[in-house]
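One structure is given here, and the rest of the page talks about it.
The values are calculated or read from the model by the stated rules, or taken from the named source; none is laboratory data. Small disclaimer: the values here were computed from a predicted structure and weren't measured. Counting neighbours? That spans all protein chains shown, and the Cβs are built from the backbone with ideal geometry, glycine included.
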Amino acid sequence: MSIISVRDLTKKFGNFTALDGINMEVEEGEIYGFIGPNGAGKTTTLRILLGILKATRGEAKIFGKDAWKDAVEIHRNVAYVPGDVNLWPNLTGGEVIDLFVKLRGSNNKSRREELIERFDLDPSKKCRTYSKGNRQKVALIAAFASDADLYILDEPTSGLDPLMENIFQEYIKLAREEGKSVLLSSHILSEVEKLCDKVSIIREGKIIESGSLEELRHLTRTSMMIQTREPIESLNRLKGVHDIEKRNNTIYFQVDGEELDNVIKYISPFGIIKLESAPPTLEDLFLRHYKGDGGEA
Amino acid sequence: MNKPFANIAQTIKFILRRDRIRIPVWVLSIAIFTILIALMLPNLYTSSMEREIMAETMKNPAIIVMLGPGYGLDNYTDGAMMAHFMLVFTALATGIMGIMLTVRHTREDEEEGRIEMIRSLPVGALSPLTATIIMITIVNIVLTVIVGFGLYSLGFESMDLEGSFLYGASIGVIGIYFAALTGLFAQLSTNSRSTLGYSFTFLIAAYIVRGIGDIEYEILSLISPLGLILRTEVYVSNNWWPVFATLGQSILLFALSLYLNSIRDLGAGFIPARPGRKYASSLLSSPLGLSIRLQRTSIIAWTVGMYVLGVSYGSILGDLEGFLDTSGVLLKMLPESADYSITERFITMLMTILSILGSIPVLLYVLKLKSEEKKARTAHLLARAVSKNSLIGSYTLIGLVAAPITQLMSVLGLWSAAIFVMDNLVSMDILFKSALAHLPAMWIMVGLAVLLIGYLPNLTGLSWLYLGYSFFVVYMGEMLQLPDWMSNLSPFGHIPQIPMEEFSLVKMLVLIAITAILIVAGFVGYNTRDLEG
């Protein structure tokens, strides 16, 4: 059974269609990355999953239960960190953490102390004095201090420094080791690349790409940098070669995954001096999908 | 420190630019209010008999606590009456203006990092504070002139030019005093909230100390700036020395705050911020506990406030008969009934007014949920094991329970003042019955607020409009001879006027049933609509 199961989910705000029939399955023990630009519908999706917004059409299920109707029951095993953490200015960080943990039901005192120390938070300070990063820490500590089965995290590290980001990643990995599931919406693609088993890319309310990183990469091109003894002739006539660029003695181009073999065979007779290839980064994927309508792809 | 006052003219201009709406609104509200009251007073008491009765009333200790000692009571002119009625209240208003404007441009700007931006430019370290105080001094001089000429221009014989300007200067100098005081607190504390807190505590303490001083120990009144300023005896003896004494104190306060400002770091204060709790108390473990905790200060302040309001209304009950008999305008505002005394008729209206005023905190408590949603804080709770019903239920419950508590407080206040001033004490029984009878109307206001939160969260302002309408038809209805249907549109128009009318259980139950329907509908709406955050 999937932990999160979203089918044909549609959400309209008046005439504006925020989500247009999206599908998503998060399996147990999976860390699922959810990426897309601002306004693509990430937060709307998460809020529907939390039962704060009601879907116009389609279904959103967590643990096999309806996200809207069974919200309270579901939330006993869910920990959530919003993208924009607004806290009560006159409560201290410690008070908010305790409140959040108590409202979920379970409590892990020793975990709380450890987290406060690791994230280097002063829990006796009022929330009004916290920076964005510190407010995020409060929400993260409350989330990790609870024994949830599913973590729903909306850009949880956008205000953290690199050191804290590392600690965050550590706890996510720990959660995976404990067999927990994570839905991570993020802008920080290197983070998603490092942590996630599967990725969905959302754009203008539609999921445009979905799968494991390997699968996504397979669909795309590898970047090549080649120096040969003799100049390569009519490279541009080869199938699957794009964006050829010559600088000094070096040729830069991109190759479609399935044509890689043919291209290498064609090139080797010219006498390879140097060859570097790089798999596309998530950023390449992301940018390719978002530049205009995906460009020539 | 080099050039601590660099670019101060520019800083003043910038402050004036930022507050180009706010400042005129403050100044004109205070000035127009003062002049309007001065215009109305002489019409309320026309014969010398009425004036003598009023002067007699003014010797009542409860009145002295509220307004200060009466001067020139043996020849109670319009001017003397005006100064006695209004000087302390208008001084309070200018004091509040001084506090609000000063916090805004000192500690608040510092807290939000705006002073850091300004200081990164070639602006002196002491320029922001000095510019603020100069700006407020200018504002209060303008206020002095407007009020001075305004009162004089009314052309009343007893309000001469010197007295009118002294009136203006008295309230103006209080504005400057509290600005300087707030400037000092802005150096001492580390955030704008406690700066406001200290300043307002001082203002309230000054008012209370003056009250005690005016009855028992005059020296206390001289210590309090609000007591000192009343010694100007405006329109009676026209003493100028209290104005200069207050101004002198303001200069000392300002000098001290400049010194403290010059020796501290940006963002730091002298009263260390107390570390808060590291762990939540047991109260803070449910949505109900959270909403009580969030509104704790407001709940305490309003509960005490309702008691004080009761006391202040109660303190005039003693001389009511004489007072109202002579005041045609006020008498017209009361419901007509031959069988009951003026006091009893007055109490009926008074209880309605007190319950409408008491509905203000009740509505505030319920509508807090809407502002929590606007600030994206309800999602924190709903994302955990908290149902929408328990969330909106907590706020509804606080509203429903707060209604009888505010009623109890105003009745207790009314009664504890009445003990001292009334010869024939109104029975506690009648007061309680009347307060009780008004509860369903207050609950309907709760129901309306819940309904709006459930369906039209952006239009919750309508509940204030409805409460304002209720106040209008109840307060002015009799005087303006408004048709009955207009007061019937308000729940307060359906409340039996005890003791003149019988307590009606049926009416009460109908109103309660309507409340229940509104609340249930509101819950349904809240459960079916999208939440903002």
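In segment B:240-276, of all residues being out of contact with any Phe, Trp or Tyr (no Cβ under 8 Å at 6 or more places or on another chain), surrounded by 16 or more Cβ atoms within 10 Å (Cβ to Cβ) and not aliphatic (A, V, I, L, M), the one that is nearest to B:Leu166 (Cα to Cα) corresponds to B:Pro242.
Look through B:Arg22, B:Arg17 and report the one residue that is over 17 Å from B:Ile229 (Cα atoms) and without any contact (Cβ under 8 Å) to a residue 40 or more places away in the chain. Before you say what the answer is, go through the steps one by one.
Details: B:Arg22 fails: without any contact (Cβ under 8 Å) to a residue 40 or more places away in the chain.
Testing whether each residue is over 17 Å from B:Ile229 (Cα atoms) and without any contact (Cβ under 8 Å) to a residue 40 or more places away in the chain leaves just B:Arg17.
With B:Gly213, B:Gly248 as the choices, which residue is assigned by TED's automatic domain parsing to the domain that holds B:Thr102 and at pLDDT below 95?
The match here is B:Gly213.
Scanning segment B:75-88 for residues that are without any contact (Cβ under 8 Å) to a residue 60 or more places away in the chain and surrounded by 18 or more Cβ atoms within 10 Å (Cβ to Cβ), we see that the one that is farthest from B:Gln187 (Cα to Cα) is B:Tyr76. Of everything in segment A:1-43, what is among the small types (Gly, Ala, Ser), part of a strand (DSSP E or B) and over 15 Å from the mean Cα position of the chain (by Cα)? Give them in sequence order. A:Ser5, A:Ala18, A:Gly21 - these are the residues of segment A:1-43 that are among the small types (Gly, Ala, Ser), part of a strand (DSSP E or B) and over 15 Å from the mean Cα position of the chain (by Cα).
Only a single criterion out of (1) away from chain A (no Cβ under 14 Å); (2) at pLDDT 95 or above is not satisfied by B:Leu369, namely (1).
Note on segment A:38-54: among residues that are under 22 Å from A:Lys180 (Cβ atoms) and away from chain B (no Cβ under 13 Å), the one that is surrounded by the fewest Cβ atoms within 10 Å (Cβ to Cβ) is A:Lys42.
Under the condition of being buried (at least 24 other Cβ atoms within 10 Å of the Cβ), at pLDDT 95 or above and out of contact with any Ser or Thr (no Cβ under 8 Å at 6 or more places or on another chain), the residues counted in segment B:397-426 number 2.
On the stretch given as segment B:196-230, residues that are crowded, with 19+ Cβ neighbours inside 10 Å and charged (D, E, K, R) total 2. Sub-9 Å Cβ pairs linking a first residue in segment B:28-56 that is in the same structural domain as B:Phe149 (by TED's automatic domain parsing) and at pLDDT below 75 to a second residue that is crowded, with 16+ Cβ neighbours inside 10 Å and basic (Lys, Arg), at least 6 apart or interchain, are B:Tyr45/B:Arg51, ordered by first then second residue. Residue pairs whose Cβ atoms lie under 6 Å apart, sitting 6 or more positions apart in sequence or on different chains, and linking a residue in segment B:507-533 that is part of a helix (DSSP H, G or I) to a partner that is basic (Lys, Arg), are B:Tyr526/B:Lys388; B:Asn527/B:Lys388. The single residue among B:Met100, B:Met117 that is among the hydrophobic types (A, V, I, L, M, F, W, C), modelled with pLDDT under 90 and under 22 Å from B:Ser189 (Cα atoms) turns out to be B:Met117.
Against the definition (within 30 Å of B:Arg384 (Cα to Cα) and touching a Ser or Thr at 6+ places or on another chain (Cβ under 9 Å)), how does B:Leu294 come out, yes or no? No.
Which of the residues spanning segment B:470-493 are surrounded by fewer than 16 Cβ atoms within 10 Å (Cβ to Cβ) and under 22 Å from the mean Cα position of the chain (by Cα)?
B:Tyr475, B:Met476
Among the residues making up segment B:492-533, those that are out of contact with any strand residue (DSSP E or B) (no Cβ under 9 Å at 6 or more places or on another chain) and within 14 Å of chain A (Cβ to nearest Cβ) are B:Val524, B:Gly525, B:Tyr526, B:Asn527, B:Thr528, B:Arg529, B:Leu531, B:Glu532, B:Gly533. Looking at segment A:102-113, which of its residues are more than 9 Å from chain B (Cβ to nearest Cβ) and hydrophobic (A, V, I, L, M, F, W, C)? Hits for segment A:102-113: nothing passes. Please go through segment A:61-103 and give me each residue that is more than 17 Å from A:Phe119 (Cα to Cα) and among the charged types (D, E, K, R), ordered by number. A:Lys61, A:Lys65, A:Asp66, A:Lys69, A:Asp70, A:Glu73, A:Arg76, A:Asp84, A:Lys102 - these are the residues of segment A:61-103 that are more than 17 Å from A:Phe119 (Cα to Cα) and among the charged types (D, E, K, R).
Residues in segment B:427-466 that are surrounded by fewer than 23 Cβ atoms within 10 Å (Cβ to Cβ) and either under 24 Å from the mean Cα position of the chain (by Cα) or outside any helix (DSSP H, G or I) (or both): B:Ser427, B:Leu439, B:Leu456, B:Thr460, B:Gly461, B:Leu462, B:Ser463, B:Trp464, B:Leu465, B:Tyr466.
Evaluate the following for A:Val81: is it in contact with a Pro (Cβ under 6 Å, 6 or more places away or on another chain) and not small (Gly, Ala, Ser)? Judged against the criteria, A:Val81 is a match. Number of residues in segment B:374-393 that are buried (at least 20 other Cβ atoms within 10 Å of the Cβ) and more than 10 Å from chain A (Cβ to nearest Cβ) equals 2. Among the residues of segment A:114-134, which ones are surrounded by 14 or more Cβ atoms within 10 Å (Cβ to Cβ) and within 13 Å of chain B (Cβ to nearest Cβ)? Matches in segment A:114-134: A:Ile116, A:Leu121, A:Asp122, A:Pro123, A:Ser124, A:Lys125, A:Lys126, A:Cys127, A:Arg128, A:Thr129, A:Tyr130. Among the residues making up segment A:186-219, those that are part of a loop (DSSP other than H, G, I, E, B) and more than 21 Å from A:Pro82 (Cβ to Cβ) are A:Asp197, A:Glu204, A:Leu219. Considered as a group, the residues in segment A:55-77 that are more than 10 Å from chain B (Cβ to nearest Cβ), free of Cβ contacts under 8 Å to residues at least 24 places away in the same chain and in contact with a helix residue (DSSP H, G or I) (Cβ under 8 Å, 6 or more places away or on another chain) include one that is surrounded by the fewest Cβ atoms within 10 Å (Cβ to Cβ), and that residue is A:Lys65. Sort out which residues of segment B:281-295 are under 13 Å from B:Ile398 (Cα atoms), within 8 Å of another protein chain (Cβ to nearest Cβ) and not aliphatic (A, V, I, L, M), and write them in order of number. Once the filter is applied, which keeps residues that are under 13 Å from B:Ile398 (Cα atoms), within 8 Å of another protein chain (Cβ to nearest Cβ) and not aliphatic (A, V, I, L, M), segment B:281-295 yields B:Pro287, B:Arg293. Here A:Met164 fulfils each of the conditions (1) at pLDDT 95 or above; (2) in contact with a Phe, Trp or Tyr (Cβ under 7 Å, 6 or more places away or on another chain) apart from (1). Any residue that is more than 7 Å from chain B (Cβ to nearest Cβ) and more than 21 Å from the chain's Cα centre (by Cα) - is there at least one of those in segment A:78-86? Looking through segment A:78-86, none of the residues is more than 7 Å from chain B (Cβ to nearest Cβ) and more than 21 Å from the chain's Cα centre (by Cα).
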